[in-house]
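Quick notes on the structure that follows.
Any read-out appearing in this document is the output of simple, stated calculations on the displayed coordinates, not a laboratory observation. Given the structure is predicted, the values throughout are model-derived calculations rather than measurements.
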Amino acid sequence: MTSLLRVQNFMVSRDGFGTGEHQSLQNPFGHANPAELFAWAGATASWPNRTDPGGSRGLDDYFTRDFTNNIGAEIMGRNKFSPHRGPWEDHDWQGWWGDEPPFHTPVFVLTHHPRPSFTLSDTTFHFVDESPEAVLKQAQEAAQGKDVRLGGGPSTVREFLDADLVDTLHIAVAPTDLGAGVRLWESPEELTDRYHLDVVPSSSGVTHHLFWRK
């Protein structure tokens, strides 16, 4: 079975931005309010950080559960891992997620400034300065037959789309506008030359966009 490259539960604003401006240590999404982008997933019964019983059991919950289904490795851009730019000045920085990162697989971080790999719990982070094709090959080998998730941010997703490497995408469009930031698209129809598209609205207000290769 072929290992797919999947964009899964990637969240964008109604005006097409995947993150806001002015990312910092205190604001990983810049001026964007992550609660507005993630509200649909956080309200589900399957949200992994849920501390109280309950939560919704519908379409949104299905996508929340599917996030980890058959995933054996993740690829992400440097600014999903860290707010720092340029050469690494502090190797003590080990990501936003603390001692228990949510990935539970090898993670390949794209960066022009490689640094040694390290492991937290069951997640090993590798830092690579190679082409999308070369990074995907490494990730597929690490995934051992499972799929690879392309985690973002939006510039990284576009880079792999431009290289024609993405097999499927699930984009959750939140009912909020950011006005500025890092854009995934002007319109989802930009991808319909290469992908089929189903658009499925949810009662939460988010609209799920599902793409798969023609």
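Once you reduce the stretch 1-66 and the stretch 115-150 to the center of their Cα atoms, the two points are 22 Å from each other. The GNM of the chain, with springs linking C-alpha atoms under 10 angstrom apart, assigns the highest mean-square fluctuation among V199, V12, V107 to V199.
Need one word for the stretch 69-166: rounded, prolate or oblate. Basis is the Cα gyration tensor (sqrt eigenvalues a ≥ b ≥ c); a/c below 1.5 gives rounded, then a/b vs b/c decides. It comes out oblate by the Cα gyration axes. Helical content alone sets the calculated 222 nm signal of the chain at -5500 deg cm²/dmol, taking -39,500 (n - 2.57) per DSSP H segment of four or more residues and averaging over every residue. Quick check: from the Cα gyration tensor, does the chain come out rounded (a/c under 1.5), prolate or oblate? Rounded, because the longest to shortest axis ratio a/c is under 1.5.
Between F108 and E74, I75, M76, H126, the built amide H atoms are under 5 Å apart, and every one of these is 5 or more places off in sequence or on another chain. For the chain, a Gaussian network of Cα nodes joined below 10 Å ranks R78, R183, R115 by mean-square fluctuation, and the top entry is R115. Within the straight-line cut-off of under 19 Å between alpha carbons, the lysines reachable from K137 are K146, sequence neighbours fewer than 8 places apart in one chain being disregarded.
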